[in-house]
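The values are calculated or read from the model by the stated rules, or taken from the named source; none is laboratory data. Just so it is clear, the model here is predicted, and its values are computed rather than measured. In this analysis, Cβ positions are derived from the backbone assuming ideal geometry, glycine residues included, and neighbour counts consider all displayed protein chains. Calculation scope for accessible area: heavy atoms of the full protein, side chains included, ligands and nucleic acids excluded. Shrake-Rupley method; radii C 1.70, N 1.55, O 1.52, S 1.80 Å.
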Amino acid sequence: MPANNPGKENFKKCIAAKGLLSDIYDKVIAGERITLEEGLALYEKAGLSFLGILSDYKKRQYTGDKVFYNRNFHIEPTNCCIYNCRFCSYNSKNSGVSWDYTHDEMVSKIKNLGSNITEIHIVGAVHPSRGKEYYGALLRLIRAIHPSIHLKAFTAIELSHMAKVGNESVSSVLRYLQECGLNSIPGGGAEIFDEKVRQEICPEKDDAATWLKIHKTAHHLGIPSNATMLYGHIETYQHRISHMSLLRDLQESTGGFNAFIPLKFKNKHNRMQHIPETTLLEDLRNFAVSRIFLDNIPHIKAYWPMMGIAPAQLSLCYGVDDIDGTIHDSTKIYTLAGSSEQQPEMTATQLTLLIEEAGYVPVERDSLYKPITG
Ligand code: V47
């Protein structure tokens with residue numbers, strides 16, 4: 001050990017430099033909430049090592065040395081979409097492939113899932129004519145085969161469209177789907193909440209206020225959800241912080257968000273392919289700032305099929321405590337957008353080993369983050 005061992009004060013001087021960053025360090029260590037300006041300063045001024053240490057500190061306050069994974073299966077019922085978001089590589093207009101599974105086809109996909117699968121994640125596209133009855137019947141069919149599996153299904157955008165098709169409120173659609181077996185809703189469709197950016201990248205999609213209202217409604221009905229942020233395209237750091245601030249405010253009133261999932265923009269086969277993808281360092285900064293800023297959302301998830309296995313493993317040192325699940329090669333959103341993981345499937349053993357190698361303790365979880373033992 002060097003003669004003058006750099007203690008906490010010296011560390012602050014060395015790494016946090018001066019002024020604002022040092023104050024942010026003190027606030028985070030003291031468990032105080034940081035402001036939007038401070039969040040912005042982290043993006044703009046903080047070094048990666050500083051962000052790593054502070055976000056890992058924050059992560060350990062929530063989950064200690066645990067990192068979660070689950071055994072899940074993704075189904076994407078259709079890619080026929082009434083919208084054509086500029087970043088989307090998945091819909092039939094951009095991908096050159098089209099599918100629209102019948103109930104029977106979907107049942108055959110989920111019929112023989114291993115008994116260890118605890119969650120089915122269902123997200124597709126905004127199909128022109130399908131309403132809540134179609135999706136409700138699908139949930140009932142799945143529920144009949146897997147009575148205790150957790151059904152996490154339909155983004156706020158899909159739910160909004162079901163309400164429009166049925167000329168009813170989202171609340172009544174959600175109550176109906178709950179009766180059919182819906183347990184929680186995924187975080188997709190949030191993109192970036194700033195309206196100008198939204199107009200550029202997904203002009204036809206519901207606005208941010210609608211997305212937030214649908215999640216609020218779900219939370220009031222006892223349906224938990226996740227939240228995403230699509231980053232690394234034309235948005236600024238200010239837009240990212242404003243996005244997270246809206247989520248932080250909603251979480252303050254409902255407490256219904258389980259996890260925040262930053263989604264890195266992938267630029268293959270879509271109408272934004274001229275935009276270069278973010279670097280790994282930028283992705284790590286983004287995870288770290290998310291963990292520090294979103295002090296009331298318990299989990300930060302790195303979705304490995306989107307970002308790749310090795311980057312997802314590294315993100316565990318930057319505030320991430322959830323690495324999603326086994327997936328079973330059943331998702332196309334990111335394979336079509338050019339992800340390095342062209343056959344996204346990992347075994348629980350592979351997930352466990354990669355968490356251990358990063359220095360954390362793997363914990364298999366259910367969809368509400370309760371550990372699964374035995
Ligand atoms: O909303 C689409 C994103 C989302 C691209 O809740 C793209 O557990 C990057 O929300 N580059 C859907 N991103 C996926 C999603 C999700 C995934 C995993 C887990 C959970 C969860 C939710 O995918 C869309 C959009 O933001 N997306 N195209 C693209 N080219």
**OP:** Work out the FRET efficiency for residue 164 and residue 23 from their Cβ-Cβ distance, taking R0 = 56 Å, and round it to the nearest 0.05.
**Re:** 0.75
Original post:
Given H placed on each backbone N at 1.01 Å, which residues far from residue 66 in sequence or on other chains put an amide H within less than 5 Å of it?
Top reply: 361
Original post:
In debye, nearest 20: dipole of region 75-157 around its Cα centre with unit charges on the Cβ of K, R (+) and D, E (-)?
Top reply: 140
Subject >> Ordering of 149-160, 29-40, 69-80 by burial proxy (mean other Cβ atoms within 10 Å per residue, highest first) >> reply: 149-160, 69-80, 29-40
Original post:
If we count every other residue with Cβ under 15 angstrom of residue 361's Cβ, Lys/Arg +1 and Asp/Glu -1, where does the sum land?
Top reply: -3
Original post:
What's the percent breakdown of Cα-Cα distances in region 180-229 across 10 Å bins, shortest bin first?
Top reply: 26, 49, 22, 4
**OP:** Rank by packing, highest mean first: peptides 286-299, 169-182, with packing defined as the count of other Cβ atoms within 10 Å averaged across residues.
**Re:** 286-299, 169-182
Original post:
With r defined as the distance between the Cβ atoms of residue 216 and residue 282 and R0 fixed at 35 Å, what FRET efficiency is calculated, to the nearest 0.05?
Top reply: 0.70
Original post:
In degrees from 0 to 90, rounded to the nearest 10, what is the angle of the helix 20-29 Cα long axis to the longest principal axis of the chain?
Top reply: 70
Original post:
If you line up the long axis of helix 170-180 against the longest principal axis of the chain, both from Cα atoms, how many degrees apart are they, to the nearest 10?
Top reply: 70
**OP:** Hey, can you grab everything whose amide H is under 5 Å from the amide H of residue 228? Only 5+ residues off in sequence or another chain; H modelled, so Pro and N-termini drop out.
**Re:** 190, 261
Subject >> Charge dipole magnitude, Cβ of K and R +1, D and E -1 - the chain, Cα centre, debye nearest 20 >> reply: 140
Original post:
Where only protein heavy atoms count, and the probe is 1.4 Å, what is the accessible area per residue for region 65-123 in Å²?
Top reply: 39
**OP:** Could you please tell me the mean projected area of the C-alpha convex hull for the chain, averaged over all directions and given in square nanometres to one decimal?
**Re:** 18.5
Original post:
Tell me, what HN-Hα J-couplings in whole Hz come from the Karplus equation 6.51 cos²θ - 1.76 cosθ + 1.60 at θ = phi - 60° for each residue of region 248-264, using x for Gly and Pro?
Top reply: 4, 5, 5, 4, 4, 8, 10, x, x, 7, 8, 9, 10, 10, x, 10, 6
**OP:** Could you point to the residue in 29, 83, 134 farthest towards the positive end of the chain's charge dipole, with +1 and -1 charges on the Cβ of Lys/Arg and Asp/Glu respectively?
**Re:** 134
Subject >> For region 227-242, 3J(HN,Hα) per residue [Karplus equation, 6.51 cos²θ - 1.76 cosθ + 1.60, θ = phi - 60°, Hz, x = Gly/Pro] >> reply: 9, 10, 8, 7, 10, x, 10, 10, 7, 9, 4, 4, 4, 5, 5, 5
Original post:
Which entries of 164/264; 45/370; 152/301; 111/164; 132/266 show an alpha-carbon separation above 26 angstrom in the structure shown?
Top reply: 164/264; 45/370; 111/164; 132/266
Original post:
Between residue 84 and residue 345, what length in nm is gained on full extension when 0.36 nm per residue of separation is reduced by their alpha carbon distance?
Top reply: 91.2 nm
Original post:
Taking K and R as +1 and D and E as -1, what net charge do the other residues with C-beta under 9 Å from the C-beta of residue 166 add up to?
Top reply: 0
Original post:
Any idea what angle helix 280-293 forms with the longest principal axis of the chain, computed on alpha-carbon atoms, 0 to 90 degrees, nearest 10?
Top reply: 90
Subject >> Cβ-defined net charge surrounding residue 149, 14 Å radius [Lys, Arg +1; Asp, Glu -1] >> reply: +4
Subject >> Listed residues 273, 256, 348: farthest to the positive end of the dipole of region 219-374 (Cβ charges) >> reply: 273
Subject >> Amide H partners (placed H, <5 Å) of residue 126, local residues excluded >> reply: 82, 83
Original post:
Which distance in nm do the two modelled labels at residue 104 and residue 148 give, with both placed 7 Å along the Cα-to-Cβ direction?
Top reply: 3.2
Original post:
Thinking of region 234-371 as a set of Cα atoms, what percent of all their pairs are more than 20 Å apart?
Top reply: 50
Original post:
Each label point is 7 Å from the Cα along the Cα-to-Cβ direction; what then is the distance between the points at residue 196 and residue 171, in nm?
Top reply: 3.5
Subject >> Residue-averaged [θ]222 nm for the chain, counting only DSSP H segments that reach four residues, each worth -39500 (n - 2.57) >> reply: -13000 deg cm²/dmol
